[in-house]
Every structure is written in C-alpha cells, then in structure tokens.
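S.K.: Submitted below is the structure of interest, expressed as structure tokens.
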Amino acid sequence: MKEVHRRSALNRLKTVRGHMDAVIAMVDDERYCPEVMKQISALQSSLEKVNRILLQNHLETCVTHAIHEGRGPQIVDELMETMKYTAALTGPAAVELETT
Ligand SMILES: [Cu+2]
C-alpha cells in the first residue's frame, strides 16, 4: 500500500473502533433510539470513506501494475465484482463522500 493511504485508512479505522465502543455503551445505557441511529449512520459513513481510500490505493497500485502487465481485463472484472457489494462507492452517496 502507499504509505499515505495506509496511514489514512488506519487512522480512520481506529477512530471507527473508538466510536463503535461509544455506540455500544449508548445501547447498553438504553439511550434514545434516534440518537443511537445517528451515530450508526456516522459510523457507516466513516467506513464508506475508508473503502474509498482503499479503492484509490488499489487503482494507484495493483490496478496500474496489472494494466502494465497486460492483466487489465481480469483486474477490472475482479474490481467490478467487489464493488457490486458496495453501493457507497458507486451510488449517489459517493459524491457526498468526495467532499468529506
Ligand atoms: Cu490493490
């Protein structure tokens, strides 16, 4: 991985872990449902951002190398297969994530 992306992904994932602990405590304390739901949405958004960082890293490293080695079609197929489970990478929410 490129160091800049590795650092960024790790920092964000560690923040998510701390945030997740806080949300678990909220549920344990039986906090008001919409408050918990807002926090869950924020966690989802944070994880989607991490996925975009990983996608950027993949394009800049693995995909670039594969194309140079003539393995473009295979790696594109693999990526399309991966992204079909990730609406946030391809759907309208992805545009919002660009700016955050
Ligand atoms: Cu990769």
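The values are calculated or read from the model by the stated rules, or taken from the named source; none is laboratory data. Worth saying up front: this structure is predicted, and the values here are computed from it rather than measured. Virtual Cβ from ideal backbone geometry, glycine too; neighbours counted across all protein chains shown.
S.K.: Across the stretch 1-20, what is the total count of residues that are part of a loop (DSSP other than H, G, I, E, B) and exposed (fewer than 15 other Cβ atoms within 10 Å of the Cβ)? Write out each step before concluding.
M.R.: Of all residues in the stretch 1-20, those part of a loop (DSSP other than H, G, I, E, B) come to 1-2.
Now restrict to residues that are exposed (fewer than 15 other Cβ atoms within 10 Å of the Cβ): 2.
So the count comes out to 1.
S.K.: Taking interchain pairs and intrachain pairs at least six residues apart, which have beta carbon atoms under 9 angstrom, with the first residue in the stretch 57-81 and without any contact (Cβ under 8 Å) to a residue 60 or more places away in the chain and the second among the basic types (K, R) and more than 9 Å from the ligand (Cβ to nearest atom)?
M.R.: N57/K2; N57/R6; E60/K2; H65/R71
S.K.: Okay, moving on. Looking at the stretch 21-63, which of the residues that are surrounded by 13 or more Cβ atoms within 10 Å (Cβ to Cβ) and hydroxyl-bearing (S, T, Y) is nearest to V4 (Cα to Cα)?
M.R.: T61
S.K.: Moving on to the next point. If I ask for residues that are closer than 21 Å to Y85 by Cβ and either polar (S, T, N, Q) or not in a helix (DSSP H, G or I) (or both), which ones from the stretch 21-57 would you list?
M.R.: Passing the criteria: S41, Q44, S45, S46, N51, Q56, N57.
S.K.: Against the definition (modelled with pLDDT of 95 or more, part of a helix (DSSP H, G or I), within 28 Å of K14 (Cα to Cα) and within 16 Å of the ligand (Cβ to nearest atom)), how does E60 come out, yes or no? Quick ask: steps written out before the conclusion?
M.R.: Numbers: modelled with pLDDT of 95 or more: yes; part of a helix (DSSP H, G or I): yes; within 28 Å of K14 (Cα to Cα): yes; within 16 Å of the ligand (Cβ to nearest atom): yes.
So E60 passes the test.
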